[in-house]
1. Does region 46-59 include one or more residues that are at pLDDT below 90 and farther than 28 Å from residue 163 by Cα?
2. How many residues does region 22-32 hold that are within 19 Å of residue 43 (Cβ to Cβ) and loosely packed, with under 12 Cβ neighbours inside 10 Å?
3. Condition first: in a helix (DSSP H, G or I), at pLDDT 85 or above and within 26 Å of residue 83 (Cβ to Cβ). Now tell me which residues in region 5-38 satisfy that.
4. Looking at (1) surrounded by 14 or more Cβ atoms within 10 Å (Cβ to Cβ); (2) in a helix (DSSP H, G or I); (3) without any contact (Cβ under 8 Å) to a residue 12 or more places away in the chain, which one does residue 153 not meet, given that it meets all the others?
């Protein structure tokens, strides 16, 4: 996984994989017919691990209000990528090389119980008139991509990791921005230009 995350699919050779694993190339091909099969196994395992993490994230937040739900999701998302930068690098290389992992990663993000609950709460707020008429799916996708961009720029594209306080400040500001912008007829003076 580290090789693919560092060199991408095309840049990683089976010779390098064998060397890193301390085995011969023949052993690799005994277990995986092609380099693509090995890559798919790594991707599948990575997504399964991520899905398991997402399914266990902040279960106590599922009954919370929308800001608490969004905050729990965002904090979990940022924390996961801070702790596992290999995964986000692998996803980035896959996207740059137009590999099918990109789509599988995006689809797996929908498995988060928090993101499902956020979407439901937004729909409920739209239906009741408490929220502006927005598309809950697009709104949750927008939140996801905002967090992904932060993680890419801060954990992959920067030479220094941000502090935990910087992560928390980003999440707090982002959630305030989202929840205040959803409110029907309400604005937060802190967000006024």
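1. Yes, region 46-59 contains at least one residue that is at pLDDT below 90 and farther than 28 Å from residue 163 by Cα.
2. Matching residues across region 22-32 total 1.
3. Filtering region 5-38 for residues in a helix (DSSP H, G or I) gives 5-11, 14-21, 25-31, 35-38.
Then drop every residue that is not at pLDDT 85 or above, which leaves 11, 14-21, 25-31, 35-38.
Selection gives 11, 16, 17, 20, 21, 38.
4. So the condition that residue 153 fails would be (1).
The values are calculated or read from the model by the stated rules, or taken from the named source; none is laboratory data. Keep in mind the model is a prediction, meaning the values are calculated, not measured. Every residue, glycine among them, receives a Cβ derived from its backbone with ideal geometry; neighbour counts consider all protein chains shown.
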